[in-house]
Amino acid sequence: MAAEFSSPALSDALVILGAAGIVIPVFTRFRITPVIGFILIGIAVGPFGLGSLVYQQPWLTHITITDPEALEPFAEFGIILLLFTIGLELSFNRLWKMRRLVFGLGALELLIIGLLISIFLSMMGQYWTGALGLGLALALSSTAIVLPISGTQSPVGRAALSMLLFEDIAIVPIIFMLGAMAPYAASDGWEGLLETLWLGGAVVIGLLVLGRLALPRLFAQAARTKSPELFLAATLLVVIGASLATALAGLSPIVGALLAGLLIAETEYHGEVETIMEPFKGLALGVFLITVGMSIDLNTIWDNLGMIALALVLVLTFKATVTGVLLRLMGARRSTAAETGILMSSPSETTLIVLAAASSALLIQPGTAQFWQIVTAIGLTVTPILARLGRSIARRVEPQVELPPEDRGVPRVIIIGAGRVGRLVAQMLTTHEKSYIMLDSDPEIVDQAKRREYRAMFGDAARGDTLDRLGVENAPAVILTMDEPILAQRLTTKLRKAYPELPIIARARDTAHAAELYRSGASHAVPETLESSLQLSEAVLVDLGVPMGPVIASIHEKRDQFRSQIQEQGALSAKPQLRTRTLGSS
């Protein structure tokens, strides 16, 4: 009777959920990224691990993956969700500002590394078409692993994101090119590429127009129903629909997922969407990493250990060197160039796709493809280790500035952002004899502030230990002055969670952003648009002959009125049914 209810799918689900329930807490406790844990689980439960003993020990069926190929759609969906959440963190304005990095640095990184590896492999005896396919495949880096490690707000994250975005765009032309170079390729291969690019461009434009018109209405209707399930369904509808549209046009589905994230990021519902999708993204990404681990055959690695190790070291060293040099030539700091180069040095999950395309086009032999697939899988496994190595080397190459010994342990206001707004706040604090320290991740802005005799230092507030080194636990207040709404919101959430009593004053772009900051835990959020309006009103009233005293009093009254309204909106917005937050004192 029990056999009638046995299901391989349920058994595989038990293994995956059990892995998530064990790996994430254990590795988090030891401050190790779960990426390594998921890959190790994949090795253990895959066909080359315990799965190879199923015939001798049938009970192992319940703790192994019985059908690895059945997990591939879920792994692909995990990557789609990852690109979608990356899109949520961006905006079209920010993407436009990054165009020089995406199409400059990204293009140079892919083409130079791909061509140099191709030349080297050709000199080693590989035919030039196969060498070109291998070179381009190995030049790719892992979006699925790199961005969760680096984020998108730090200098390292921005550099990595720009290169990875170009690689994701270039993957379709690369695959078409390999197909056109096949010995028996059809004569219309290049025509097919042009047709796909034309059709894909039309689909992208259509998605942009449709998204701007329909998405605000769709999510407004979902929010009015007071149903989190419907909100989630609407989000998945948008993600899957956009991915299918670009896939049908011949582009990668991850292009559609990224577009969906960018479009939703322009709406007022992006924060809620990001919160709802986070658990699904993490679990789906875990499935992808398990499939990577299942592709690693330890016996094959042992039999070819020397060649595999040599190939991996050469690829990692070469990619890290070239990427670091390119970043330095484009003006990046030595620490940023070193850390980014090492982080981007491992191959990618899309490397496996390009290898499969080159093999099916008969450009490389199956044995060659399998060898580089193993190198790629190991490279993905060691990426978190490379990230730690990169951070360590970055600190040695260019140590971050520490507070002078006489300043350590002295409570002082921390101003994040040393630009125009941050410097004005510093002036007011100095006028009233309050100690402060300014922090900024842009070295030029820090140098300018220091030349003007402000107490400023270089550092990335998004890093876990930077604010700790400044003594944030004893700071009278933290002031967020940078013009980066998403980073401000995330830092506010992080600081409020770690320090419930810490006063957090944040700069907001407008009243809607201020409400988001209050929901994230800000003590005060100051909208730029509101303050400029009040200053204009003050100037007009004074010029019209109204006495200064009543004008200042009315301005303060109006400011307090608006602040109360924004705080109320932050706590009791149009989305209370989806998530409520108890605000701290403000």
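The values are calculated or read from the model by the stated rules, or taken from the named source; none is laboratory data. This structure is a prediction, so every number in the text was calculated from the model and none was measured. Using ideal geometry, Cβ is built from the backbone for each residue, glycine included, and neighbour counts are taken over all protein chains shown.
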Item to check | From the options THR267, THR275, THR317, residue that is surrounded by fewer than 20 Cβ atoms within 10 Å (Cβ to Cβ) and in contact with a Lys or Arg (Cβ under 7 Å, 6 or more places away or on another chain) | outcome: THR275
Item to check | Filter result for the condition that a residue is crowded, with 21+ Cβ neighbours inside 10 Å, in the same structural domain as LEU237 (by TED's automatic domain parsing) and among the hydrophobic types (A, V, I, L, M, F, W, C), over MET124, MET163 | outcome: MET163
Next on the checklist: Show me the helices (runs of 4 or more DSSP H) entirely contained within segment 37-139 in which 1 or more residues are over 20 Å from LEU283 (Cβ atoms) and either polar (S, T, N, Q) or at pLDDT 75 or above (or both).
Outcome noted: 92-97, 106-123, 128-139
Item to check | Condition check for VAL313: under 21 Å from ILE145 (Cα atoms), in the same structural domain as LEU101 (by TED's automatic domain parsing) and of a type in the set (A, V, I, L, M) | outcome: yes
Checklist entry - In segment 330-366, how many residues are at negative phi and over 24 Å from the mean Cα position of the chain (by Cα)? => result 11
Checklist entry - Residue check: is ILE119 surrounded by 19 or more Cβ atoms within 10 Å (Cβ to Cβ) and not small (Gly, Ala, Ser)? => result no
Item to check | Verdict on GLY192 being assigned by TED's automatic domain parsing to the domain that holds GLU268 and at pLDDT below 70 | outcome: yes
Checklist entry - If you check THR431 against the conditions, is it of a type in the set (S, T, N, Q) and either at pLDDT below 85 or touching an Asp or Glu at 6+ places or on another chain (Cβ under 6 Å) (or both)? => result yes
Item to check | So ARG469, is it in contact with a Leu (Cβ under 8 Å, 6 or more places away or on another chain), at pLDDT below 85 and over 26 Å from LEU88 (Cβ atoms) | outcome: yes
Item to check | Positions within segment 490-516 being among the β-branched types (Val, Ile, Thr) and touching a residue at least 40 places away in the same chain (Cβ under 8 Å), in sequence order | outcome: THR511
Item to check | Selection from segment 439-457 of residues that are part of a helix (DSSP H, G or I) and among the hydrophobic types (A, V, I, L, M, F, W, C) | outcome: ILE445, VAL446, ALA449
